[in-house]
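The values are calculated or read from the model by the stated rules, or taken from the named source; none is laboratory data. A quick note: this is a predicted structure, and the numbers were derived from the prediction, not measured. Quick reminder, even Gly has a Cβ in these numbers, built from the backbone with ideal geometry, and neighbours come from all protein chains shown. Note: areas computed on protein heavy atoms with side chains; ligands, DNA, RNA excluded. Shrake-Rupley method; radii C 1.70, N 1.55, O 1.52, S 1.80 Å.
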Amino acid sequence: MTAIAHVPPTGGTATPPPEPGRSNKLTPYFLLLPAGLALLVFFVLPILTLINTSLQSGGLEEGYTFTWSFSNYWDVWVDYWPQFLRSFVYAGSATVLAILIAYPIAYMIAFKAGQWRSILLVLIIAPFFTSFLIRTLAWTTILSDTGPVTSFFRSIHVLALTDWIGLTSDSRILATPLAVILGLTYNFLPFMTLPLYASLEKQDPGLLQAAGDLYASSWQGFWKITWPLSLPGVISGTLLTFIPAAGDYVNATFLGSMRESMTGNAIDALFLRIRDYSHAAALSVSLMAAIVVLVIYYVRRSGTEDLV
Amino acid sequence: MTAVKESDPYAPTEFRPKKVGFGRWVREHLVTFFGILGLLYLFAPIFVVIVFSFNKPKGLFNYTFTEFSFDAWTGVCDVPGMCDSLWLSIRIAFFSTLAATILGTIAAFALVRHKFRGRGFANILIFVPMATPEVVVGSSLLVLFVNMGVPLGQLTIWIAHTMFCLSFVIVTVKARLVGLDPRLEQAAQDLYANRVQTFFRITFPLIMPGVVAAAMLSFSLSFDDFIITNFNSGSEVTFPMFVWGTSKKALPPQINVIGTAMLLIALFVVIVGRAIGKRRAR
Amino acid sequence: MTAADLNTGTGGLKIRGLHKHYGTFTAVDGIDLDVPEGSFFALLGPSGCGKTTTLRMVAGLEEPTAGEIMIGGKDISRQRPYQRPVNTVFQSYALFPHMTIFENVAFGLRRRKVDGVDAKVKEMLDLVEMGHLAHRKPTQLSGGQQQRIAVVRALVNKPKVLLLDEPLGALDLKLRRQMQLELKRIQTEVGITFIHVTHDQEEAMTMADTIAVLNKGKVEQMGAPVDLYENPRTAFVAGFLGQTNLLTAKVVGTSGDVLTTDFHGIKITMPVSRMAATTQEVEVGVRPEKIHIAELGEAPVGRNVVDGVIIDASFIGVSTQYVIRTLADAEEEITVFTQNSSTSLRRVGETVSAYWHPDHTFGLHEGAWQEAEAAEVAS
């Protein structure tokens, strides 16, 4: 006989709230009202305004009018498709790199760190606390043309290879796609490491022992047990890395050159310098739409729609 | 049990301990090796930030280490405009944290403790801002403010920061509330505590760590935000805006001093927080 | 109600027509209970039977859909939990993790602004010999210690009724036995009415003066443990409280106090009062330990006798369990527990006579064996 808790079936939640029936039906709406209103007015409404603006035509002098001008979208595609593609290629590369770098870190902390575990976790979060911009600027020092990193890779002819495939140029790292991708990877690495750690830490080490007992080599044990069970962490880490990376333009500005500029650079320039709001909005909406489509496709493929 | 020794399928076959060879040692420590490499990658820039805060650069740019000096630490505010921007960032981070924490905690209660029509929609509404790229959030707010004729400035920065911190606060406090056994509150009511007493003596002390964590997260998000602020700041200059603006003209080591100080303060807060948590659990 | 009159007045708990619906689901379906003051009362049933919901309604943690809950003649069913003269020992204890043991126990007294908190808390902690742990936090205590604190935290308020919601569920078997005795001792010492919710029939029978067996939101049968066990009135009670043998039979007549049934030509008799069914087709029941085994045809006169073949024998130390297939109907089997007072065991394949006293027989309605079997699985 087991001690099974007797719970009245209220349809989902394990235990009903403190005083069900007594609380007014409107209470949750009142509690939610301030935050909900803030999100509706300052998130949903702006997005709608943005979409509206993206379909306007006109200019700063003569004023904007709503004309269903889908041509704005065509215009920005023609003008900015390289930036647009770069955003997704760079963000995608950075995400893959982040998985490759974060997985051993998370694995080590979860299974090998022992008493160092909590200290290492604090250290993983620590970079969050120095300014994002300052950290990115520090990479310009590390990757500078005369610095040790560049000299080292130049001397072992790695840069000649990356030059050849177009990741770098002129045997330098700074102001090349490689620098931007490395910066993006670095900046969002904690967002990949923490979900991975969370999904690895939950795993019972007994599972791997059981796999070993059932004739799996440690390599097979990893691919058949550890990796599939860590997929939720991989998926949320991927989203947390890819989405901000695709919209970022700080890395492209500090670590890249004009040749590496991304969608974010274009949106920033269109809004704040050129002040062509309708085209800027069209580009912004395009970015958001592309990301939403990609994310939905990705989440569907990985079969975890309950992620949200 | 004597004659069948050769054919006994249950007899232990491998008695000799495996020699721990070099290849095996490498395989076992490969993960740790790559993990440590990854950590180095993570810490390299921070190391640079700290070291270069003690630099005395020759030119305007703090790119090469020339001379060890405390000048930047002793004269933090010597860089014109930097400390003003720092102060503005702190003020905005404080007020947006305050607003986001209060609104977010209340909303988290509604979402965890009540079942109501539209809860799924509310959850999506809270999730989507976190999954939207900052450029889109920032530019859409800019368009709204321009259309409504709201002058860009501290108010618009505060609104923007409160908005994007809100989702993070709600998610963090929600996690803590879900883990709170409702029976504790029922026990308090059973022991003659009315609703107000129950909230202040049981519920709030128990979700406090979650609220504090949410507030700290919110503060650092707000303090460090550049992209959203860039679109909505008008002529106001927050600290990240200052760094962005100055990076093209000059990079004084004082910027590294601020970066290092932020790290130290954050580590101090985390360590003290953990110590308090441990003492409480004892 | 003020703090002062929480402790005055007499009378136990009275429940009338209690209902609780969750949407279309009925958790409690019309319960009437009378719990005399100072008794140890158990609500027993499988999970989902409505026992915890009933308890929570008494505590004020759920609002009844309909019905009355009275303590000392006063309806409390619309009062808030903190206004009721009842206290609860929660499942998994619900000790406040951020307070010391002392503060946990003092919590209720402080809310009611009672004088002499320190002395009262100390006295209660001493009752369970835990005074030396007063300044620890709940997480530093063992399961058994937490359990005692949960009881003491409720009892210190001198409630009129103490509600215990599966309080021993989280403890291991040995500790559970020990705590059963201790709870019984505490109850005798303080004389407060205890209402104990459990799904463990042994626990209920060990501790309670009166048991109400609940099934599907209704009271199946209420009475002293012995009555429930010896004379179950429903198939559910027969199956839920221990094992039972049921044979399909026909009522052939009554003479005076004795009712006679026919099982494939074999006469089985029982007291009229022990027959719960009114139809002709019935099932006759007898507990396995009431049956004796004799050589074929050597059963004493005046007993109910059924002959059969032993098809299984399992030795369990103090007793042996036999399964006998009746000769009269190969579909029917009888389980017998015999004390191992002699060393001679019967062998599988032997044909024997199984017999028992008519007074140990009880009668249930037709088809009861299926319900009893289901209840046995649920217990």
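Calculated FRET efficiency, residue C:346 to residue C:47, Cβ-Cβ distance, R0 = 41 Å: about 0.60 to the nearest 0.05. Here the simple spin-label model places points 7 Å from the Cα toward Cβ, and for residue B:208 and residue A:302 these points are separated by 3.7 nm.
Taking each of C:160/C:218; C:51/C:158; C:113/C:160; C:20/C:113; C:120/C:174; C:20/C:290 in turn, the alpha-carbon distance tops 28 angstrom for C:20/C:113; C:120/C:174; C:20/C:290. Both radii were evaluated on the Cα set of segment C:235-372; the Rg over Rh quotient, with Rh as the Kirkwood radius, amounts to 0.96. For the peptide A:288-297, the mean number of other protein chain Cβ atoms found within 10 angstrom of a residue's Cβ is 2.
When shorter helices are ignored and each DSSP H run of at least 4 residues is given -39500 (n - 2.57), the per-residue value for the protein assembly as shown at 222 nm works out to -16000 deg cm²/dmol. Taking chain B as a Gaussian network of alpha-carbon nodes connected by springs under 10 Å, the highest mean-square fluctuation of the residues B:103, B:251, B:37 belongs to B:37. Taking a cut-off of 22 Å between Cα atoms, list the lysines near residue B:249, but don't count ones fewer than 8 places away on the same chain. Those lysines meeting the cut-off are B:56, B:58.
Comparing segment C:137-217 with the 2.2 N^0.38 Å rule of thumb, its C-alpha radius of gyration ratio is 1.10 (two decimals). Computed from point charges on the beta carbon alone (+1 for Lys and Arg, -1 for Asp and Glu), the dipole magnitude for the protein assembly as shown about its Cα centre is near 2740 Debye. Stokes-Einstein diffusion of chain A at 37 °C, 0.692 mPa s viscosity, Kirkwood radius from Cα pairs, rounded to a whole number: 141 µm²/s. Can you give the local net charge around residue C:363? Use residues other than it whose beta-carbon is closer than 15 angstrom to its beta-carbon, Lys and Arg +1, Asp and Glu -1. Overall, the nearby charge balance is -2. Residue by residue along B:159-167, Cβ atoms of other protein chains within 10 Å of the local Cβ number 3 on average. The mean number of partner chain beta-carbon atoms within 10 angstrom of a residue's beta-carbon across peptide C:89-100 is 5.
Taking C:54, C:248, C:320 in turn, the Gaussian network model of chain C (Cα-Cα springs below 10 Å) assigns the largest fluctuation to C:320. Taking 7 Å steps out from each Cα toward its Cβ at residue B:148 and residue A:217 produces label points 6.3 nm apart. Per the Kirkwood formula applied to alpha carbons, chain B shows a radius of gyration over Rh ratio, Rg over Rh, of 1.16.
The Rg/Rh ratio of segment B:179-247, with Rg taken over Cα atoms and Rh as the Kirkwood radius over Cα pairs, comes to 1.36. Taking every protein chain into account, the accessible area of segment C:3-230 amounts to 37 square angstrom per residue (probe 1.4 Å).
Between chain B and chain A, the total buried accessible area stands at approximately 7300 Å², from heavy atoms with a 1.4 Å probe. Using only the C-alpha atoms, the convex hull of chain C corresponds to 164 Å³ per residue.
Calculate I(q)/I(0) for the protein assembly as shown by the Debye formula, one identical point scatterer on each C-alpha and no solvent, and give its log10 at q = 0.08, 0.10 Å⁻¹ to two decimals. Reported log10 I(q)/I(0), two decimals: -0.96, -1.19. Potential lengthening of the chain between residue A:44 and residue A:275 amounts to 80.9 nm, from the contour at 0.36 nm per residue minus the alpha-carbon distance. In segment C:48-62, which residues become less accessible by 30 Å² or more once every protein chain is in place, relative to the chain on its own, using a 1.4 Å probe? For segment C:48-62, once contacts with the other chains are taken into account, C:52, C:56, C:61, C:62 lose 30 Å² or more. Note on chain A: with a GNM built from Cα contacts shorter than 10 Å, the maximum mean-square fluctuation among A:239, A:184, A:32 falls on A:32. Strictly greater than 19 Å: what percent of every Cα pair in segment A:138-275 meets that? Across segment A:138-275, Cα pairs with separations above 19 Å total 64 percent. Taking segment A:110-170, how much of its Cα-Cα pair set, in percent, is spaced more than 20 angstrom apart? Of all Cα-Cα distances in segment A:110-170, 54 percent exceed 20 Å. Each Lys or Arg adds one and each Asp or Glu takes one away; over the other residues whose Cβ falls under 10 Å from the Cβ of residue B:92, this sums to -1. Remark: segment A:82-302 carries 42 Å² of accessible area per residue (probe radius 1.4 Å; ligands, DNA and RNA excluded). Three principal axis extents describe the C-alpha atoms of segment B:135-193; from largest down they are 55, 22, 16 Å.
Summary of packing: across the peptides B:69-75, B:171-177, A:168-174, the per-residue average of other C-beta atoms within 10 Å ranks them, highest first, as B:171-177, A:168-174, B:69-75. For the pair residue B:196 and residue B:60, label points projected 7 Å from Cα toward Cβ lie 6.2 nm apart. Measuring between their Cα centroids, segment C:99-116 and segment B:203-253 lie 44 Å from each other. Applying the criteria of a DSSP loop state and at most 11 other Cβ atoms within 10 Å to the GluC sites (Glu not before Pro) of segment C:286-369 yields C:298, C:331. In straight-distance terms, cross-link reach from residue B:115 covers every one of the aspartates and glutamates whose alpha-carbon lies under 19 Å from its own, apart from those fewer than eight places away in the same chain; here that gives A:19, A:306, B:181, B:185, C:62, C:63. Highest-first packing order for the peptide set A:296-302, C:369-375 is C:369-375, A:296-302, based on the mean count of other beta carbon atoms within 10 Å. Element breakdown for chain B at a 1.4 angstrom probe: carbon and sulfur atoms account for 69% of the accessible area.
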